[in-house]
Amino acid sequence: QVQLVESGGGLVQPGGSLRLSCAASGSIFSSKDMGWYRQAPGKQREWVAFIFSGGLTAYGDSAKGRFTISRDNAKNTVYLQMNSLKPEDTAVYYCYSGRRTAADYWGQGTQVTVSS
């Protein structure tokens, strides 16, 4: 069993930055592959980024060059640093653990709104 709690969402102006955090508990975090999805109102869920337990990363097209996923195994936390934010990045961002395309566990989500 894994519990995931996201934080760090909020309102930011276009061009701004936010860092999302996802705190994990209940299992051996360092052995878990972790990722982020997002879902905007009226749209399908979109995969954003993934980090393997060994540190290798992968990004969806919308995140490449602007977002960075990282992890701190000592803090059982995965991060998503988001720069150069655009209004189309507005969504609920969900942390997950599992395989890149098949989550085993989800967090409750954190709202990110990019607006002037």
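The values are calculated or read from the model by the stated rules, or taken from the named source; none is laboratory data. Values in this document were obtained by computation on a predicted structure and should not be read as measured data. Virtual Cβ from ideal backbone geometry, glycine too; neighbours counted across all protein chains shown. Just so you know, the surface numbers come from the protein's heavy atoms only, side chains and all, with ligands and any DNA or RNA stripped out. Shrake-Rupley method; radii C 1.70, N 1.55, O 1.52, S 1.80 Å.
Taking the stretch 34-55 as the range and being under 18 Å from ALA74 (Cα atoms) and either at pLDDT below 95 or out of contact with any Ser or Thr (no Cβ under 7 Å at 6 or more places or on another chain) (or both) as the test, the residues that pass are GLY35, PHE52, SER53, GLY54, GLY55.
Yes/no per residue for (1) surrounded by 15 or more Cβ atoms within 10 Å (Cβ to Cβ); (2) touching a strand residue (DSSP E or B) at 6+ places or on another chain (Cβ under 8 Å); (3) within 17 Å of GLU6 (Cα to Cα); (4) acidic (Asp, Glu):
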| position | (1), (2), (3), (4) |
| --- | --- |
| ILE28 | no, no, no, no |
| TRP36 | yes, yes, yes, no |
| VAL48 | yes, yes, yes, no |
| ARG66 | yes, yes, no, no |
| SER84 | no, no, no, no |
| PRO87 | no, yes, no, no |
| THR90 | yes, yes, yes, no |
| GLY107 | yes, yes, yes, no |
| VAL112 | yes, yes, yes, no |
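The single condition from (1) closer than 18 Å to TRP106 by Cα; (2) open to solvent by 60 Å² or more (accessible area, probe 1.4 Å); (3) not in a loop (DSSP other than H, G, I, E, B) that GLN44 fails is (3).
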